[in-house]
Protein chains: 2
Amino acid sequence: MNRLEMYLNDLAINSTDGSAVPKILKETPSTAWVDGCNGLGAVVGNFCMDLAIKKAKQVGVGWVCAKGSNHYGIAGWYPMRAMKEGLVGMSMTNTSPLMAPTRSKEAALGTNPLSLGVPAKDDKFLLDMATTAVAVGKIEIQRRKGAPLPDGWAQDPEGRVTNDAELAFQTGCLMPLGGPEINSGYKGYGLGGLVDILSGVMAGANYSTKVRKWTHTGANTAADLGQVFIAVDPNCFAPDFEERMCDFNSRLRSCTPTDPEKPVLVAGDKETINMKAVDEAGGIEYLPNQLKTCESLSQRFNVNPIRFI
Amino acid sequence: MNRLEMYLNDLAINSTDGSAVPKILKETPSTAWVDGCNGLGAVVGNFCMDLAIKKAKQVGVGWVCAKGSNHYGIAGWYPMRAMKEGLVGMSMTNTSPLMAPTRSKEAALGTNPLSLGVPAKDDKFLLDMATTAVAVGKIEIQRRKGAPLPDGWAQDPEGRVTNDAELAFQTGCLMPLGGPEINSGYKGYGLGGLVDILSGVMAGANYSTKVRKWTHTGANTAADLGQVFIAVDPNCFAPDFEERMCDFNSRLRSCTPTDPEKPVLVAGDKETINMKAVDEAGGIEYLPNQLKTCESLSQRFNVNPIRFI
């Protein structure tokens, strides 16, 4: 919902091609290089992940790199496709520069998320994380609340850690996971680099500061983002993988919590809990601003608005 | 040098088998499942990475999981073998429990390092990082100095962040990369989980709290660590990969630094600088304690001590 307007703007000014069909440029038994042909990121992503799944079933691993892609939504969506087939899935994408490398005054990498999805019978492990300390959304929330930022989230224009949410938002220099150098922020910076290398650089797409800025009003050039989709068949290794995954998860969840009110979670648990709450409530509650945007979009494109209960 | 005594103790009491030869248990064109047969980690690691390299050259990707392994030294060593062949390499290992999951009072994952090595003509990108905020060694250094710990490194027995290096050392609960929950420590925790899943759980080795404690005096059970070694041939994707890697590195290094005295580095630069300094100095300077240990080891095992200049 939050990204709908941006996708539509990109399509409206033809900086994304809504009718593009991704094509395979090069292939080996376990790899493929795909040109997304500037299609919607989700179209490119589904195409590539399904190809990775097919290869993993044939030779154990499928590793598919895409160039010419666009914003692909939730990184965890693609591993979930692999999980449905009993496979382990990963996806990564580069994004517009927004993170300052350790010691840098300016941004040179994106929030570059990575995701790993692992099936575990009725359970799962689903990690989906930006390699920055926080996503931009969290800065925006503090800004709207008029609340300060914790140390280690963002920099000011001089490259110093800032607690000023408004200044941080204007500067657009998030800190890598870990925060400042003393707290090993260079590891988060290294992970952001890992994501860009395996997606943008390897795919021959844009990377680092070559990636365009992305705005609400739509960009006037193609994004040419790079993405990577990996599927691995756990049956190629030790038998009973999913049984062990259940035990792995349960060992983590049964750790004694520091605060008895806050049990230890496993990656994906928070989202599972949220989805259960949504099911019980009978739907998702949207913010008035989101509903207003949705209404105005339906008028602009002359389509029926989403129906609400 | 620091680990030599531990390796020798493990060999002396036969909790590691110095004459073990790793064997392949299961194979597909792009994967292999290996039993390290309780050999030295470096023996198992070299065997597995070389197998991954062979497969990557044949079908694009080699993905090799080992069970029955031991401490394998520097995680970055194995990707370096792949880099020599023009391939991208990765390695990960689980380790003895030492990191407290977010919200947990007790340790349930190890420092679980991951490494990525990427060739780039005369340059390179070599990331080798624990998924904890810091390695134990850094806590030890503060402890010896009698200096406090920065926030976000380690917990006390009650699960609170501690600045007391002695207490942190006794407690043995490092925080994940990111530190506390407010600074996204759950991402570092998630990464530690990723490493354990792809190494220990997938290989059918020990994982999480099943991994033994590792001590200076040697452990009395086999470690049965899990490790994963991945090699990918970048020629399966866009041509001129190494040229783009050089440009990628140079975009990062040419960022305006916050402090003009501290230029922006790329993963592996610090080690390259150190190695150059060692070459110029004509050798490595060891601490008196290390030399003493080395001397007493040579007497204990009746071998010639390392010669010094």
Practice problem: Output the number of the condition that A:W63 fails; it satisfies all remaining conditions of (1) within 11 Å of another protein chain (Cβ to nearest Cβ); (2) of a type in the set (F, W, Y); (3) free of Cβ contacts under 8 Å to residues at least 60 places away in the same chain. | Solution: (3)
Quiz item: What is the residue count in the stretch A:51-85 for residues that are over 24 Å from A:T16 (Cβ atoms) and either touching a strand residue (DSSP E or B) at 6+ places or on another chain (Cβ under 6 Å) or at pLDDT below 95 (or both)?
Solution: 9
Quiz item: Filter the stretch B:273-296 for residues that are in contact (Cβ under 8 Å) with a residue 12 or more places away in the chain and at negative phi; which is least open to solvent (accessible area, probe 1.4 Å)?
Solution: B:C294
Exercise. Find all pairs meeting these conditions: Cβ atoms under 6 angstrom apart; at least six residues apart or on different chains; first residue within the stretch A:11-27 and more than 15 Å from A:D224 (Cβ to Cβ); second residue part of a helix (DSSP H, G or I).
Key: A:G18/A:L11
Exercise. Have a look at A:I24, A:I13, A:I74 and point out the one that is β-branched (V, I, T), within 12 Å of chain B (Cβ to nearest Cβ) and either within 23 Å of A:A130 (Cβ to Cβ) or open to solvent by 20 Å² or more (accessible area, probe 1.4 Å) (or both).
Key: A:I24
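Of all the residues that make up the stretch B:252-263, how many are over 27 Å from the mean Cα position of the chain (by Cα) and either within 27 Å of B:S30 (Cα to Cα) or surrounded by 15 or more Cβ atoms within 10 Å (Cβ to Cβ) (or both)? Before you say what the answer is, go through the steps one by one.
Within the stretch B:252-263, the subset over 27 Å from the mean Cα position of the chain (by Cα) is B:254-261.
From what is left, the residues that are either within 27 Å of B:S30 (Cα to Cα) or surrounded by 15 or more Cβ atoms within 10 Å (Cβ to Cβ) (or both) are B:255, B:257-258.
Number satisfying all stated conditions: 3.
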Practice problem: Output the residue which, of all residues in the stretch A:66-80 that are without any contact (Cβ under 8 Å) to a residue 60 or more places away in the chain and part of a helix (DSSP H, G or I), is farthest from A:A223 (Cα to Cα). | Solution: A:M80
Quiz item: For the stretch B:131-140, does any single residue satisfy the condition of being touching a residue at least 12 places away in the same chain (Cβ under 8 Å), farther than 22 Å from B:M1 by Cβ and open to solvent by 50 Å² or more (accessible area, probe 1.4 Å)?
Solution: no
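Look through A:L126, A:L51, A:L109 and report the one residue that is out of contact with any His (no Cβ under 8 Å at 6 or more places or on another chain) and open to solvent by less than 10 Å² (accessible area, probe 1.4 Å).
Answer to the check: A:L109.
Residue-wise test of (1) facing chain A (nearest Cβ under 8 Å); (2) under 17 Å from the mean Cα position of the chain (by Cα).
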| position | (1), (2) |
| --- | --- |
| B:P29 | yes, no |
| B:V34 | no, no |
| B:G41 | no, yes |
| B:M49 | no, yes |
| B:K55 | no, no |
| B:K67 | yes, yes |
Practice problem: Would you confirm whether any residue within the stretch A:195-210 is of a type outside the set (D, E, K, R), modelled with pLDDT under 95 and open to solvent by 40 Å² or more (accessible area, probe 1.4 Å)? | Solution: no
Quiz item: With respect to the numbered conditions (1) within 26 Å of B:P150 (Cβ to Cβ); (2) within 22 Å of the chain's Cα centre (by Cα), which one is the sole condition not fulfilled by A:L126?
Solution: (1)
Quiz item: Does B:E285 satisfy the criteria of being in a helix (DSSP H, G or I), of a type in the set (D, E) and more than 10 Å from chain A (Cβ to nearest Cβ)?
Solution: no
Quiz item: If you take the residues of the stretch B:231-245 that are under 25 Å from the mean Cα position of the chain (by Cα) and among the hydrophobic types (A, V, I, L, M, F, W, C), which of them is farthest from A:K67 (Cα to Cα)?
Solution: B:A231
Quiz item: When you scan the stretch A:257-277, how many residues do you find that are of a type in the set (K, R) and either assigned to a loop (DSSP other than H, G, I, E, B) or at pLDDT below 95 (or both)?
Solution: 1
Quiz item: Restricting to the stretch A:151-182, what's the tally of residues that are in a loop (DSSP other than H, G, I, E, B) and open to solvent by 30 Å² or more (accessible area, probe 1.4 Å)?
Solution: 7
Quiz prompt | Enumeration of residues in the stretch B:177-187 that are under 25 Å from B:G226 (Cα atoms) and over 15 Å from the mean Cα position of the chain (by Cα) | solution = B:G178, B:G185, B:Y186, B:K187
Exercise. Could you check, for the stretch A:131-149, whether at least one of its residues is in contact with a Lys or Arg (Cβ under 8 Å, 6 or more places away or on another chain), within 12 Å of another protein chain (Cβ to nearest Cβ) and not in a loop (DSSP other than H, G, I, E, B)?
Key: no
Quiz prompt | When residues of the stretch B:77-90 are limited to those that are within 13 Å of chain A (Cβ to nearest Cβ) and open to solvent by less than 10 Å² (accessible area, probe 1.4 Å), the one farthest from A:E261 (Cα to Cα) | solution = B:L87
Quiz item: Got at least one residue in the stretch B:201-211 being assigned to a loop (DSSP other than H, G, I, E, B), touching a Phe, Trp or Tyr at 6+ places or on another chain (Cβ under 8 Å) and more than 8 Å from chain A (Cβ to nearest Cβ)?
Solution: no
Practice problem: Scan (1) surrounded by 24 or more Cβ atoms within 10 Å (Cβ to Cβ); (2) touching a residue at least 24 places away in the same chain (Cβ under 8 Å); (3) within 14 Å of chain A (Cβ to nearest Cβ) for the single condition B:K187 breaks and write down its number. | Solution: (2)
Quiz item: So which residues in the stretch B:81-125 are out of contact with any helix residue (DSSP H, G or I) (no Cβ under 7 Å at 6 or more places or on another chain) and assigned to a strand (DSSP E or B), if there are any at all?
Solution: B:S104, B:D122
Practice problem: List every residue pair whose Cβ atoms sit under 9 Å apart, with the two residues 6 or more apart in sequence or on different chains, where the first one lies in the stretch A:243-264 and is more than 14 Å from A:F125 (Cβ to Cβ) and the second, anywhere, is open to solvent by 70 Å² or more (accessible area, probe 1.4 Å) and part of a helix (DSSP H, G or I). | Solution: A:K262/B:E181; A:P263/A:R253
Practice problem: Could you please let me know if B:A120 is at the interface with chain A (Cβ under 9 Å from one of its Cβ atoms), over 15 Å from the mean Cα position of the chain (by Cα) and not acidic (D, E)? | Solution: no
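Please specify each residue of the stretch A:212-236 satisfying the condition of being at the interface with chain B (Cβ under 10 Å from one of its Cβ atoms) and either open to solvent by 30 Å² or more (accessible area, probe 1.4 Å) or modelled with pLDDT under 95 (or both).
Listed by number, the list holds a single entry, A:N235.
Could you please let me know if B:D50 is closer than 30 Å to A:F229 by Cβ and acidic (D, E)?
For B:D50, the condition - closer than 30 Å to A:F229 by Cβ and acidic (D, E) - is met.
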Quiz prompt | Given (1) within 30 Å of A:G60 (Cβ to Cβ); (2) open to solvent by 50 Å² or more (accessible area, probe 1.4 Å); (3) in a helix (DSSP H, G or I), number of the condition A:P239 does not satisfy | solution = (3)
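The values are calculated or read from the model by the stated rules, or taken from the named source; none is laboratory data. None of these values were measured; they are calculated from a predicted model. Note that we place each Cβ from the backbone using ideal geometry, even for glycine, and neighbour counts take in every protein chain shown. Note: areas computed on protein heavy atoms with side chains; ligands, DNA, RNA excluded. Shrake-Rupley method; radii C 1.70, N 1.55, O 1.52, S 1.80 Å.
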